[in-house]
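Here the structure is laid out as structure tokens; the discussion comes afterwards.
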């Protein structure tokens, strides 16, 4: 699978799970991906959520 196929797959399946840290504990959060293209995979979140930082 090359990168363009990954981009196509990501745009067709935008629901993702991202692992982050919450203090010293791992946490998995569900994110809807905004879009993917040749420059990367893009997500957005509001600043009221602490995960943005």
Could you check, for the stretch 33-45, whether at least one of its residues is surrounded by 11 or more Cβ atoms within 10 Å (Cβ to Cβ), within 14 Å of the chain's Cα centre (by Cα), touching a residue at least 24 places away in the same chain (Cβ under 8 Å) and part of a helix (DSSP H, G or I)? no
For the stretch 12-22, indicate whether the set of residues that are surrounded by 10 or more Cβ atoms within 10 Å (Cβ to Cβ), part of a strand (DSSP E or B) and modelled with pLDDT of 90 or more is non-empty. yes
In this structure, is residue 9 in a strand (DSSP E or B) and either on the phi > 0 side of the Ramachandran plot or surrounded by 10 or more Cβ atoms within 10 Å (Cβ to Cβ) (or both)? no
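The values are calculated or read from the model by the stated rules, or taken from the named source; none is laboratory data. Since the structure is predicted, the reported quantities are computational estimates derived from the model, not experimental observations. Don't worry about glycine lacking a Cβ; one is built from the backbone with ideal geometry, like all the others, and counts go over all protein chains shown.
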